[in-house]
1. For a quick protection proxy, order the peptides 2-11, 103-112, 200-209 by their average other-Cβ count within 10 Å, most packed first.
2. Taking a label point 7 Å from the Cα of R128 along the Cα→Cβ vector, which residues of the stretch 253-285 have an amide N closer than 12 Å to it?
3. Highest first, please rank the peptides 168-174, 258-264 by the mean number of other Cβ atoms sitting within 10 Å of their residues.
4. Can you tell me the orientation of helix 68-81 relative to the chain, as the angle in degrees between its alpha-carbon axis and the longest Cα principal axis, to the nearest 10?
5. If the reach is capped at under 21 angstrom between alpha carbons, list the lysines near K134, excluding any in the same chain fewer than eight residues apart.
6. Using Cβ counts within 10 Å as a stand-in for footprinting exposure, how do K83, K160, K149 rank, fewest first?
7. Nearest 5 is fine: what % of DSSP beta bridges in the stretch 125-288 come out antiparallel, could you say?
8. Can you tell which of Q256, M75, A106 lies farthest toward the positive end of the dipole of the chain, using +1 and -1 charges on the Cβ of basic and acidic side chains (Lys, Arg; Asp, Glu)?
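Just so you know, all these numbers are worked out from the coordinates, no wet-lab data involved. As the structure is a computational prediction, the values presented were derived from the model and not from experiment. Positions of Cβ are generated from backbone atoms using ideal geometry, with glycine treated the same way; all protein chains shown enter the neighbour counts.
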Amino acid sequence: MGRVAYVNGRYLPHRHATVHIEDRGYQFADGIYEVVTVSGGRFVDEIGHLERLDRSLRELEMDAPMSRAAMRVIMREVVRRNKVRDGIVYLQITRGVAPRDHAFPATPTRPALVMTAKSMSMAGGAARAADGIKAITAPDIRWDRCDIKSVALLPNCLAKQAAREAGAYEALLVDADGMITEGSSTNAWMVDEDGNLVTRQADNNILNGITRLALNALAERDGVRIVERGFSVDEAKRARELFITSSSSFVMPVVQLDDSVIGNGKPGSVASRLREIYSAYMTGENREAAAGVGV
Ligand code: PMP
C-alpha cells in the first residue's frame, strides 16, 4: 500500500493527488498550512495547531473548508491510511479555484483542503541533537505578516537552500537592524551571557511556534524564566547557548553560527534539558503541563 492523500473530499493515491491549475494557492500562494507532529500515534499540540490555523484563516479573510471536528476526523483517517506512528500530518487550505485575478473572487469559492501524512524516524533528529547543528545567517527578506502561516515560503526556501549550500542545517534570518527574527522554518532561542533564556517576542515578524509556546509553559514549570526580547547576531554569537525549535526539530542545539563556535562547541545543558522535557511532553509524560496553551 502506497501513500494516500486527502484532496477536497477524496482519499487518493499520492501520485494521483492533484489540484486545478487555477487554484489560488498555486497561482498566488493564497493559502495557509499547518504541520502537526504524530508521536506514538498521537498528535502533539493538535488544538494549538488548529487554533493557529483558524487564526491564519481569519487574518486572510478565508473561510474554513469544514468544521474543526470534521477536520480532526480527516487528520486521523490520513494518519491511519498512511500507517503513521511517528511522523507528521500536513494540512493546507487555499482560497480555492477561480479565474486568475489578484482580487478575491467576487463569488466566494469553496476553500480547498489537502492533507498528507508521512512517517519520520525520530533517530535522525536525536543523533543531530546529540552533536548540535551548524546554522548560517541570511537576510530576512520576507513580508510584514510572518505571523500568518502562509504557504508563500519563497524567501524561507532561498534561505534554507543557502544553508544547505554552506553545509548547514538552518538559516537564522536577520532584519535590517541586525536582529535575528527566527529560523527559515524554526524559532530561535539563546541563553545569553548572563544565563537568561531568551527568545524573540511574538510579533508580526515571526511565526509564533506551537513548539515555542509549549516550551514556554514547560520551562516555566521547570522553574526557568523566559525573557521575550529580540537579540542581535553579535549577541547570538557570544551566547552561552543557541538553539532552534519547531514541530519537526523539537529542541535542536546550534553549536556554530556562520564561522563562530557557540559556547564550547557542544550542545549546552539548558538546550539538552529542554529537549528532554519536550520529548517527555511529546510522549505524554508531562502533557498536562502545557495544556491550554493557545495562540
Ligand atoms: N517559524 C517558521 C518560519 C516556521 O516555518 C516554523 C515551522 N512551521 C516555526 C517557526 C516553528 O513553528 P512550530 O513550532 O509551530 O512548528
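1. Working: 2-11: 15.5, 103-112: 13.1, 200-209: 18.0.
Output ranking for 2-11, 103-112, 200-209: 200-209, 2-11, 103-112.
2. In the stretch 253-285, the label zone of R128 (backbone N under 12 Å from the point 7 Å along Cα→Cβ) covers 253-254.
3. Values: 168-174: 22.9, 258-264: 14.7.
Highest mean packing first, the order is 168-174, 258-264.
4. With both axes taken from Cα atoms, the answer is about 80 degrees.
5. Cross-link targets: K160, K237, K266.
6. Numbers: K83 12, K160 19, K149 22.
Listing K83, K160, K149 from fewest to most nearby Cβ atoms yields K83, K160, K149.
7. Working: 19 of 30 bridges.
Once the DSSP bridges in the stretch 125-288 are tallied, antiparallel ones form about 65 percent.
8. M75
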